[in-house]
Amino acid sequence: MSPSHRPGHPSVVIAGGGSAGHIEPALAFADALMRVAPGARITALGTERGLDTTLIPPRGYPLELIPPVPLPRKPSGDLLRLPGRVRGAVGRVREVLGGVQADLVVGFGGYVALPAYLGARGRVPVMVHEANARAGLANKVGARFAAKVAAAVPGTGLPCAEVVGIPLRRSVTTLDRPGLRLRARALFGLPRAEPVLLVFGGSQGARSLNSALAGALPRLRQAGIAVLHAYGKSGTPADPTPGYVAVPYIDQMHMAYAAADAVLGRCGAMTVAEVSAVGLPALYVPLPHGNGEQALNAQPVVDAGGGLLVADAELTPDRVVSDLVPLLTNPTRLMTMGRAARASGHADADERLSRMALEVLEGQS
């Protein structure tokens, strides 16, 4: 640990920039670390690309910008340019680490994490958190020399990874769904007494989810099921009908969770972590492309009885009706699946990760 810092006042650099899936866990970890070590100084690394400048400063953490290093998934010209880009970003990372007298770097994957790990190597201890079921390139590199490695789910392939879940916002992990139910439904203009299905597919929307819901909506309403639908900024809502509330985006997701009885959505790592943490059963629909990690993200919840999984190509209006109407009209099954979902989650991931960080810091003192 830097000689100018006392054990209770460490300087920690978090690297989780780019997408909300990387930034939000990093910020939730930072919040937890500040609770257990109030004297800590936390600095975030990010770039001008992505959501870094939008999400991080409002949370009160200093943001230091580094050059972006996109990590290509396939051979391309970007792959050939990668070494030069990495060198420039690593140099900038080392400037930041020296300037804040960093005691620990905690990375959450993505194109900010790789230069952070390489810049810290041999200088500052590194800790890695992997949110997805399959580790990305940055975390595979960082895990080789990390002091500690954490993962959201088993089977990431990272060495000696401790499964802790994904650090989540306190507004989600401490959510009192029953207590907020009526207030949340009033906020969105939903019926007070009907079961509510929450449908969302990311900030831009998901065409297959929107299409299947539009076809199923008349039968959902006939069954007495209300719907809160975040159709996405580039998506399309279903036809207006009483009991159906459509918005392009939901800012207060914790209130949407409080209003809902079940979820229809994708199974990105953050979505699965939040939905299971609040105890909502879900019909998960993995993205039809990529490396299959979305299905793997949801599998532990499904295996525990807290959710259902359907392939994107099989998500028809009939499938929505056949899977969700029997669930949403059966309070006992809703409760059983909700409890299974909550039990499969890790609502204390932020605190567990902060304790791991303190262990690394104490080992350096």
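Data table
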item	result
Residue in the range 232-275 that is nearest to the chain's Cα centre (by Cα), counting only those that are at pLDDT below 95, among the hydroxyl-bearing types (Ser, Thr, Tyr) and in a loop (DSSP other than H, G, I, E, B)	Tyr249
First in the range 168-189 and among the hydroxyl-bearing types (Ser, Thr, Tyr), second anywhere and surrounded by 14 or more Cβ atoms within 10 Å (Cβ to Cβ), Cβ under 8 Å, 6 or more apart	Ser171/His254; Thr173/Ala277; Thr173/Ala347; Thr173/Asp348; Thr173/Asp350
Sole residue being touching a strand residue (DSSP E or B) at 6+ places or on another chain (Cβ under 9 Å) and within 30 Å of Pro218 (Cβ to Cβ), chosen from Leu328, Leu353	Leu328
Subset of the range 299-327 that is outside any helix (DSSP H, G or I) and of a type in the set (A, V, I, L, M, F, W, C) - its residue that is surrounded by the fewest Cβ atoms within 10 Å (Cβ to Cβ)	Ala311
The range 154-181, subset in contact with a Pro (Cβ under 6 Å, 6 or more places away or on another chain) and among the hydrophobic types (A, V, I, L, M, F, W, C), residue most open to solvent (accessible area, probe 1.4 Å)	Val163
Pairs where the first residue, in the range 310-332, is more than 15 Å from Ala282 (Cβ to Cβ) and the second is modelled with pLDDT of 95 or more and open to solvent by 60 Å² or more (accessible area, probe 1.4 Å), C-beta under 6 Å, 6+ apart	Val321/Arg219
Residue list for the range 225-279, filter: more than 24 Å from Pro326 (Cβ to Cβ) and of a type in the set (D, E, K, R)	Lys233, Asp239, Asp251, Glu274
2 or more residues of a type in the set (Ser, Thr, Tyr) and at pLDDT below 95: qualifying helices (runs of 4 or more DSSP H) within the range 1-106	52-55
Selection count, the range 130-149, where residues are in a strand (DSSP E or B) and either open to solvent by 50 Å² or more (accessible area, probe 1.4 Å) or out of contact with any helix residue (DSSP H, G or I) (no Cβ under 6 Å at 6 or more places or on another chain) (or both)	1
When residues of the range 113-129 are limited to those that are more than 23 Å from Ser19 (Cα to Cα) and touching a helix residue (DSSP H, G or I) at 6+ places or on another chain (Cβ under 7 Å), the one most open to solvent (accessible area, probe 1.4 Å)	Arg123
Selection count, the range 92-112, where residues are open to solvent by 30 Å² or more (accessible area, probe 1.4 Å) and over 10 Å from Val124 (Cβ atoms)	4
Residue that is among the hydrophobic types (A, V, I, L, M, F, W, C) and in a helix (DSSP H, G or I), where the choices are Ala216, Ala193	Ala216
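The values are calculated or read from the model by the stated rules, or taken from the named source; none is laboratory data. These numbers were taken from a predicted model, which means no experiment stands behind them. Reconstructed Cβ throughout: ideal geometry from the backbone, glycine too, with neighbour counts over all protein chains shown. Side chains included, ligands, DNA and RNA excluded: accessible areas come from the protein's heavy atoms. Shrake-Rupley method; radii C 1.70, N 1.55, O 1.52, S 1.80 Å.
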